[in-house]
Each structure stands twice: as C-alpha cells, then as structure tokens.
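Step one of this worksheet: look at the structure below.
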Amino acid sequence: MTSVDLDQLKKAAALKASEFVRSGMVVGLGTGSTAKHLLVAIGEQVRAGMKLRGVPTSQETAALAKQAGIPLIDAENRWEIDVAIDGADQVDPHFNLIKGGGGALLKEKIVAASAKQFIVMVDHTKQVQVLGGSFPLPIEVIPFGWGSTAREIEALTKSRVVLRERNGAPFRTEAGNLIVDVHIDRISQPGDLETALNLIPGVVETGLFVGRTNVLIVGTPQGVHTLHAPKT
C-alpha cells in the first residue's frame, strides 16, 4: 500500500472522528498527520456555523487550527475538555497506545487526561497485537543528567535507549526537554511499565497511553471501523 493510499485511510478516519464533535464543545486537538485531516474537517464545521473552541497539543497544531479558523483557548487556562481527538503510532487490542513519534507526547497526554472522552484515529497499519517491536517507545526526559536517566531506563527495560536527534542536534520538545526512544521488542504489560518508568527521576512522561482510549476509529481498505472500549 502506497503512502498516498494510507493518507486516504487517515483522512477517512479523521472525517469519522469529526462526527463526534458537537456545537458548544471544547475539543482537544491532536498532533500529527491524521490530526491535520481532522483540523481541516473541524474547520469546515466551524465555517458552517458550529460553535466550538479548541485546545491544541502543539504549536504546529495551534498554527494549523488558526489557519482553519478554529477558535483556541489560552494554553495556560484551566479547561473542561469535552472530547480530545488524536492519532497514535501503535494501538494494541486493548486500545493501549504508543504515542510521541512527533514529539508532542507530554501535551497530548495532559489533554487526553483532561478530556471526558478520548478518541483515537489511525489507519489499520498502526494496529499491533503487542506494543513495541516495530516502533520505539518515546520517553520525555529533562536535559539535566539525561544520560543517567537513560541508563536507568535501560536497566529497567533491558532495551536499547537512543537520544532522539533532528538535523544533527538533540531534539527538543516544546517544553525544552529531550526525548529518548526505547527499542523494546514486546511491551506485554504496558500499565506496569508506564508506572515503573514514571518513578525514575528525570522522566517527565512516557509515550504509553494506557486505559485512556474510549473510542478507536480505524481507516481500513474495507472502510472505516468504529470500535468502543469495553465498559469497566
């Protein structure tokens, strides 16, 4: 399947996700390639008269939302988010996610945690039986002593930890932190791993999103599938 075909599946998933947005809502706006299609769709709803306000998860998303005509809330405000909609890098059968390929995982998790409903939209290639393997786990760490933090992560996970770089320099998040990518073969207990990683001094947040997804929307060659998390 070509990248163009995959982009069409992402667009189809995003269009379906936009149907969950209602007038009067505060909407968490995700970051990434699928989220870009969502912003276009929501922008069209706003131009058609829908009243809503968005909380962006990155500067890139904020710029695209403004371009689409979506009103935004002050990022330092205290929000009541009705629905947050975002993509994912991997999703397992229990709707657990790996996110952070674009480096916005901290803001994405804050917004997801603040939302009454969290909707994830992906193309079918992002579905895996077990997290890890083909996609590394991003972890945001503070710059001070990051090498020692990485060593602790390596000891815990028994996996290779690589400092993310961009254009030959360490990648910096919007909060001024670093990201290390952890190459783990299998994450069989994502909830336990998320808890353990967050206990390591220097770890700001992990790209594991465990037990947060309410609705999963998957773009497939056979159509768009909407799946609801089982009630707990």
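The values are calculated or read from the model by the stated rules, or taken from the named source; none is laboratory data. All values derive from a computational prediction rather than experimental measurement. Quick reminder, even Gly has a Cβ in these numbers, built from the backbone with ideal geometry, and neighbours come from all protein chains shown.
Quick notes on this one:
- Candidates 123, 185 - the one that is of a type in the set (Asp, Glu) and not assigned by TED's automatic domain parsing to the domain that holds residue 15: 185
- Of all residues in segment 81-93 being touching a residue at least 60 places away in the same chain (Cβ under 8 Å) and assigned to a loop (DSSP other than H, G, I, E, B), the one that is surrounded by the most Cβ atoms within 10 Å (Cβ to Cβ): 87
- Residue match in segment 101-113 (condition: free of Cβ contacts under 8 Å to residues at least 60 places away in the same chain, farther than 24 Å from residue 215 by Cα and not in a strand (DSSP E or B)): no
- Residue pairs whose Cβ atoms lie under 9 Å apart, sitting 6 or more positions apart in sequence or on different chains, and linking a residue in segment 1-29 that is assigned to a loop (DSSP other than H, G, I, E, B) to a partner that is surrounded by fewer than 19 Cβ atoms within 10 Å (Cβ to Cβ) and acidic (Asp, Glu), are 21/82; 22/82; 24/82; 25/82.
- Residue 153 being over 30 Å from residue 5 (Cβ atoms) and surrounded by 18 or more Cβ atoms within 10 Å (Cβ to Cβ): yes
- Between 63, 41, the distinction of being free of Cβ contacts under 8 Å to residues at least 12 places away in the same chain, over 25 Å from residue 206 (Cβ atoms), part of a helix (DSSP H, G or I) and out of contact with any strand residue (DSSP E or B) (no Cβ under 7 Å at 6 or more places or on another chain) belongs to 63 only.
- Taking the criterion of being modelled with pLDDT of 95 or more and either touching a Leu at 6+ places or on another chain (Cβ under 7 Å) or of a type in the set (Phe, Trp, Tyr) (or both), the residues of segment 71-96 that qualify are 85, 88, 90, 91, 92, 95, 96.
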